[in-house]
Structures are given as C-alpha cells and as structure tokens.
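For reference, the structure is listed below as structure tokens.
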Amino acid sequence: MTNEFPKPAPDITPDTKLFWEGTKNNELMLNKCVDCGFHRNPLTIAANICPGCGSRNHAEWVKASGKGKVHTFTTVHRTFHPAFEKELPYIIVIVELEEGPRFLANMREISSEEITRDMPVEVIFEKLTDDITLPQFKPVK
Amino acid sequence: MSKNECAIVGLGYTPQGKCPDWTVRELFLEASTNAISDAGMKTHDIDGVLVELCWTDPMTQCWTLQQDLGINETSMSANYDSMGASGGCKIQLAQWAIQAGICKNVLIAFVEKSATAPAVPYRGSPGATVAYGLHGAMHGIAMAAMRHKLLYGTTEDQLGEVAVTFRKHANMLPRAQMHAKPMTMEDHHNSRMISEPLRLFDCCLVSDGGRAAVVTSAERAKDCPKPPVYIMGYGQGHVKMDLVERNTLVDTGARLSGEHAFRTAGIKHKDINVLGLYDATTHNIITQLEEMGFCKRGEGAAFVEGGRLGLDGEFPTNTSGGMLSEDYLQGWTGIPEVVSQLRGDCGERQVKDAQIGLVTNMGGFIAFHSTLILRR
Ligand SMILES: [Zn+2]
C-alpha cells in the first residue's frame, strides 16, 4: 500500500546511526561522557563534545532506563504537514529522562486532560519505516 | 559607550497585510526610501546598511538594497540574523558603529512576505522533531505555554485578556489587519484550538510588508525634521534553541536582555510609559513581563488582568495591536509603534505624555531576544 504523504523520517547521520540502530532493538541509547558522566541526547548535541565538562573524548553509548517524567506537552489540533492530518489531535511531549537529558516524542495511551506535570512515563517503540523505529512515551500504569 | 548618543530619526512603512503585487525587493526599497525621507535625508547620506533576510526571497540582501538605492559605498553592509530578534539587534549594532566613528547614518530594513508567498517547507531543527509532528513555531511555543500553565495555573481568560486588549488597540488603527474586527473574550474562547493551550486568537497573524528605520548620532538628530527618539538602553539575551536543551521551557533570552537594557538605561520599570512586547503568542507577553522583572515569576498571568496593558492602564502595551492584531512584521511591528508613541504621532491611540518606551524582539523557538529602551 502506498501512502501519498509519508511521514517525514529523521535523517540518519554518522552521529545518530547507533541511536537509530538501538531503537530498532527497543533500546533508547544515550551518549555518556567518559570523563564526567554527563548524559546527553544524541539527537540534539553534536557527537564529540560534552556540554557538562567540554571533553572531546568520544562518549560511550549507554542504554537509558526509558523512564522519565513529563516536563511539558502540547496537544496539536492544527498540523502543517498532511501526513499528520488523520492523527489529529496528537500529543507532543517533552520528557525528562531519569538520566537527565530531555527527549521530544509523542505521548500515547492518554488524553490531554489526564496529563499532569512530572507525571511518570516510560518509553515504547513504534516502527515508522524499515530503517527508523521511533521512541515514544506512555504513562507508567 | 553611554546612553542617548544615538537616535532613531526615520521610519519607513509600505503597504501591509496582503501585497501580492509587491516583490520582496520592491518592499525593501519602498520601506527604505520612506525611512530616508522621513529622516530628512538623501540616499547618499546613508553609509551603513543592515538588513535581515526574508526567507521568501533570500537573494534580496544588503548589497541589492545598497545597489537599488544607488549608494556607491558604505562603511558597513551586512545581513544580520538573530531571526525575529534581529530588529532590536541591528539598531544596537548601528548605534555601536556610529559611536565607534565608523558610520554616520545607518539604514536598517526588514521585509516579511508570509501572507502571499508560498510557504517555505518546514524542515525542523536538528534531530527528529519533524517525525513527531512538530512543525513550526506555534507547536513549540505551545509547549512553553503549557509548561507555564502546569507551573502557575495560567488560565484561558488570562491569555484571552492579552488578545482582547491588543485587539482594541488595533481597532483604532486603520492600517491594522484586524482594524475592522472587534474581539470579545467569548470570541477568543470560541476560536479554534491550534496547539493546546493556544487558540487561533492566541497566535500572531500572517502578513506581507516592509519597515525600515534610520539611526544617526544625537548631534545630527537635532537637524532632522521629526523629534529624535534616543536609544537610552539596550540589551540582548540568547538561549539554546532546541526545546529539549533549554534550562526550562519558560526561560527565554528575555531575562538577560532586560537586565542589560535596564542597567544601560539606568531606569526602573515604573519609569516606562509605553511598551512594545514581542507577541508571537499571548503567552510570550506573560513570560516576558515576568522575565524582565515587571512582576515576579509566576505572576505574569495575573499581572495582565484588569486592563493593565490597555491604553489607560499602568503599562500600555502593543498600542498598534501588535503581531496578534496589527500585522506580523516580527520586531518591526513593535519598534516603529513605540517610536511613533514617543514622537507623539499616535492620534486616538496616543499614550498621554509618553516619554520613555521599551520594545522587545524575539526569534526562533523564542530563543533569541533583544530589548531597546527609547526616550523622546
Ligand atoms: Zn563531560
């Protein structure tokens, strides 16, 4: 079945390749500084520098617990991309992971009215294409 | 560097709203020639040109404008990019170039063409945000507004008060896009939800139009036909752009920007007679008031109640209607309006005895911020 408006997929770059390999195995991978232990979101911080201590040593890839809390969210009623029209309304959430960094994703299995500040959430994985599996979040039951 | 050494002496406008027959390049030229003649100058008096690129036509630049104006050489010519905050930043740069003795009269120009040009496809910031349906500034700002609501209980009535107040101002200004369209609180609450907690009437307009200004030294300003509006205080603050990398979603560059502006101006909040605050959404008004110290953190939503931002209020704000109700010309909605108030040119919507004004610009996912404190 072809989709006239496929959802936009994230670019896989040399810096994020291992992240997207991880999600295919249902693992949420973070970069951890080998010098100070600072965890960072591999999708927003360029690979080879630590915002915690400035170290240029290669970070190690570590698996996150997948647990965190809601920093904020929005429920989208007007989208600017046709691929998302049929999902309206959908929730975009920013989750603060136990390890420290924040992640942006969609929130599943809950309605807007039920979300509270700092509500505990956990990661789930949704296959988008053969190459990309997206981490998403749902409330901890 | 000290205050009041430079002044804004020229303002240039163009048709605004929907301008399908105008190119970006023509709008730049129209705004610029109008600002130069408002300053009582000739094109050859200009020796500095600062523009910000219009995404609809990024090939119109500082050099095309200089060439179109027939200016053989300038001492400063640049495209400046702190996104929506660029207007205030460019006026500061013009001031520094004049104070440094590099330039005499600097032209600053801006064009927006989002009403009648095809939208630029949204590519998102680095990372995967597009795959999650985050497409454009409103979704991002909505998450900041939601954080404010989660922390402080900001209500729909409080957001609505900002929208309704600014609309009343626009109803007094014929050039405003919403001039003929009054808005009640009920209208606000009935407008369709865009991205919770922001409704359509919490979000800025879409517009075409150009604006320009001329900055010169206080000494030369005395010979210009219009009352000079002096640059009294100035500041900038820029925080990380990516939403997930912020300290928190309610922190923008406004705190640092405001701190610099009040320090350089040497005045207190109560000395401000008129404000022009960047209103991409109603939420941005509330957080800027908090971050810039007009009230405490968490009290901004209550602060806007009771007509405090209205023409008869304690802090008349966005007296043209702002980007919510006049037009979306980014920083160039607010800057010319505050200058006009200080010139005493605002007619029906004139703030009585306006001596000192404050105007802010914001850019990106509300990450860039510039502030000007101006006096007549
Ligand atoms: Zn480190």
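The values are calculated or read from the model by the stated rules, or taken from the named source; none is laboratory data. Because the structure is a prediction, the values reported are computed rather than measured. Positions of Cβ are generated from backbone atoms using ideal geometry, with glycine treated the same way; all protein chains shown enter the neighbour counts. Side chains included, ligands, DNA and RNA excluded: accessible areas come from the protein's heavy atoms. Shrake-Rupley method; radii C 1.70, N 1.55, O 1.52, S 1.80 Å.
Applying a threshold of 25 Å to the alpha-carbon distances of A:Lys86/B:Lys18; B:Lys113/B:Lys270; B:Lys181/B:Lys296; A:Lys17/A:Lys67 flags A:Lys86/B:Lys18; B:Lys113/B:Lys270; B:Lys181/B:Lys296 as lying beyond it.
Per residue, chain A exposes 51 Å² of solvent-accessible protein surface, assessed with a 1.4 angstrom probe and all protein chains in place.
Taking a straight Cα-Cα cut-off under 14 Å and skipping sequence neighbours fewer than 8 places away in the same chain, the aspartates and glutamates within cross-link reach of A:Lys63 are A:Glu21, A:Glu27, A:Glu98, A:Glu99, A:Glu122. Note on chain A: with a GNM built from Cα contacts shorter than 10 Å, the maximum mean-square fluctuation among A:Asn26, A:Asn57, A:Asn106 falls on A:Asn57.
The angle between the Cα long axis of helix B:24-38 and the longest principal axis of the Cα atoms of chain B comes to about 60 degrees, rounded to the nearest 10. Residues whose amide H lies under 5 Å from that of B:Glu52, counting only those 5 or more places away or on a different chain, are B:Tyr80, B:Ala109, B:Val111; hydrogens are built 1.01 Å from N in the peptide plane.
Note on region B:70-107 and region A:32-82: Cα centroid distance 38 Å, given to the nearest whole angstrom.
For the protein assembly as shown, the list of Cys residues with no other Cys C-beta under 4.7 Å reads B:Cys6, B:Cys19, B:Cys54, B:Cys62, B:Cys89, B:Cys103, B:Cys203, B:Cys204, B:Cys224, B:Cys295, B:Cys346. Note on B:Ile102 and B:Asn247: their simple-model spin labels are 3.1 nm apart, each label 7 Å out from Cα toward Cβ. Of interest is the spacing of the C-alpha centroids, which for region B:313-376 and region B:187-266 amounts to 8 Å. Between B:Glu26 and B:Ser75, the C-beta separation translates, for a Förster distance of 22 Å, into a calculated FRET efficiency of about 0.25. Between chain A and chain B, the total buried accessible area stands at approximately 2900 Å², from heavy atoms with a 1.4 Å probe.
Calculated FRET efficiency, B:Asp312 and A:Asn57, Cβ-Cβ r, R0 45 Å, to nearest 0.05? Could the numbers behind the result be given before it?
Details: r = 61 Å, r/R0 = 1.36.
The calculated FRET efficiency here is 0.15.
When shorter helices are ignored and each DSSP H run of at least 4 residues is given -39500 (n - 2.57), the per-residue value for the protein assembly as shown at 222 nm works out to -7000 deg cm²/dmol.
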